[in-house]
Amino acid sequence: MEKIIVRKSEPLKGHVKIDGAKNSALPIIAASLLGTEDIILEDVPNLADVKVILQVLNELGAETEYLDENTVRINSANLNSYQTPYALMSKMRASFLVMGPLLARLGRTETHMPGGCAIGSRPIDLHLKGFMALGALIVENTSVIGAKAEKGLIGDIIYLDFPSVGATQNIMMAATHAKGETIIENAAKEPEIVDLANFLNKMGADVKGAGTSSIRIKGVNKLRGCTHQIIPDRIEAATFMVAAAITKGDVTIDNIITSHIRPVIAKLKEIGCTITEFENEDKVRVVGPDRPRGTRIKTLPYPGFPTDVQAQFMALMTICEGISKVEETVFENRFMHVAELQKMGALIVTEGKEARIAGVPKLKGANVKATDLRAGAALVLAGLIADGVTSVGDIYHIDRGYNNIVGKLRGLGANIDRITD
Ligand code: EPU
């Protein structure tokens, strides 16, 4: 079994380059099923989750090929199945994103309840409601979920009860081939939604309003091939910003779009970091304070504070002066890192969706487990400042969303190794 071993480290220093965004790459790879010509995707991050979605495409009959480490060619001309195998679906929830494209192209999709990180019940009712509004018939039994629209989909107005990222993406993709216009109201506004819309438009789709809460999609008959570069990963960037802050470091993060992580920048400033942005340059410098001050965060859909940075920020709060508070409003079970941070000496009390953190001067190394992807990153960050040795297990969660986190942290001077037990 592999583990990450972190020892108390000196303040991190230097430059780190951010990869393409996992949460952009996954829906865009799924959307490649919508056309029959070659799609070339650049800056595809080298991650376990990306490998899973490419395998899903292969199982459905699409061809996928790595042209180099981060460039993938996809051709879906021979798409021949509407059924996603359970083995892959159970590995990763985002496999669900092929449902919209399959419904659009084949008029049918059949799949299983998705897997992925155990951060709440994570239903898919909003995806299904969207498909139904476009005229699909939902087929559902104990393990299989399907949708059928043999005569094609028809555009309509869809109001989402919650701005779900996945539902917005799935409905957008399904609507590209629907007859007439589809309007998604209360749509998610995440940068990854905008990236997907830009990609679809390059393929010849007609998507307007992505990045606002009202997205309009006019159906077209055929989509073409294109080349698209995936946007930088704002969550990986934020993770390294927190790494700089927690170690009192001085780190410049390259390949970052700072407008995508405004709330994280604002909170890091609030706790005492010095943040320098560079005009017309895609980098940011973060200098951590001697002793950060406590603060409050409340996770919200974009442009609010991202739930995907909550765990890492909580690791930072464990050593902030005074009391800090976290309110998690996006997922109902995203505090699994709390028990692990407590093993390291953190003083955290949770009540429902709120956590109260009393800052301690130092943490101590412990044997902990990555309970989900971002929780795993948080524990690695905590290990950097904990006395002694921290051993992080179940690191397959971390591999789902961070490419070479150990190598990148080592490059900044961290005392960290990946070992096989
Ligand atoms: N929800 C519903 N019904 C639905 C869909 C969602 O109730 O039909 C609820 C979920 O249960 C959850 C909330 O809405 O409580 C947010 O879910 P959303 O659909 O917005 O999230 P997602 O599409 O499943 C993506 C990211 C997550 C990220 C969230 C929120 C991908 C592949 N995943 O998930 O990323 O946390 O948006 O920003 O894009 C991660 O990278 O660590 C990660 C978990």
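The values are calculated or read from the model by the stated rules, or taken from the named source; none is laboratory data. Bear in mind the structure is a predicted one, so any value in this text is a computation, not a measurement. Cβ sites come from the backbone with ideal geometry, for glycine too, and all protein chains shown count toward neighbours. Accessible surface is based on the protein model in full, side chains and every heavy atom, while ligands, DNA and RNA are left aside. Shrake-Rupley method; radii C 1.70, N 1.55, O 1.52, S 1.80 Å.
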Charge dipole magnitude, Cβ of K and R +1, D and E -1 - the chain, Cα centre, debye nearest 20: 680
Three-way shape call for segment 115-214 based on the alpha-carbon gyration tensor, with the a/c threshold at 1.5: oblate
Amide H within-cut-off set for LEU300, under 5 Å, with H built and near neighbours excluded: PHE305, THR307
Accessible area per residue, Å², segment 223-264 with all protein chains present, probe 1.4 Å: 25
Furthest towards positive pole of dipole, PHE240, ASN23, LEU102, structure part the chain, Cβ charges: PHE240
Positive minus negative residues near ASN75 (Lys, Arg vs Asp, Glu; Cβ under 9 Å): -3
nm² value of the averaged projected area, convex hull over the Cα atoms of the chain: 18.5
Note, ³J(HN,Hα) from phi for segment 292-307, Karplus 6.51, -1.76, 1.60, rounded to Hz, x at Gly and Pro: x, 8, x, 8, 10, 10, 9, 6, 8, x, 4, x, x, 5, x, 4
In Hz, Karplus ³J(HN,Hα) per residue of segment 386-402 (6.51, -1.76, 1.60; θ = phi - 60°; x = Gly, Pro): 7, 5, x, 10, 10, 10, 9, x, 6, 7, 4, 4, 5, 5, 5, x, 10
With Cα atoms, 0 to 90° folded angle of helix 48-59 axis to the chain main axis: 20
Residue order for THR36, THR168 - accessible surface, 1.4 angstrom probe, largest first: THR36, THR168
Probe 1.4 Å - accessible area at TYR86, Å² to nearest ten: 130
Percent breakdown of C-alpha pair distances by 5 Å bin, ordered from the shortest bin, for segment 322-421: 2, 13, 22, 24, 19, 13, 6, 1
Accessible heavy-atom area order of SER81, SER90, highest first, probe of 1.4 Å: SER90, SER81
Rel. contact order, % - alpha carbon contacts under 8 angstrom, at least six apart, the chain: 20
222 nm mean residue ellipticity, helices alone, for the chain (DSSP H n ≥ 4; -39,500 (n - 2.57); rounded to 500): -9000 deg cm²/dmol
Solvent exposure, largest accessible area first (probe 1.4 Å, DNA, RNA and ligands not counted), of ASP372, ASP394, ASP161, ASP290: ASP290, ASP161, ASP394, ASP372
Accessible surface of GLU354 - all protein chains present, 1.4 Å probe, nearest 10 Å²: 90
Per-pair calculated FRET efficiency, R0 = 30 Å: SER259 and ASP125 via Cβ, rounded to 0.05: 0.40
Furthest towards positive pole of dipole, ASN333, ALA366, LEU384, structure part segment 290-421, Cβ charges: LEU384
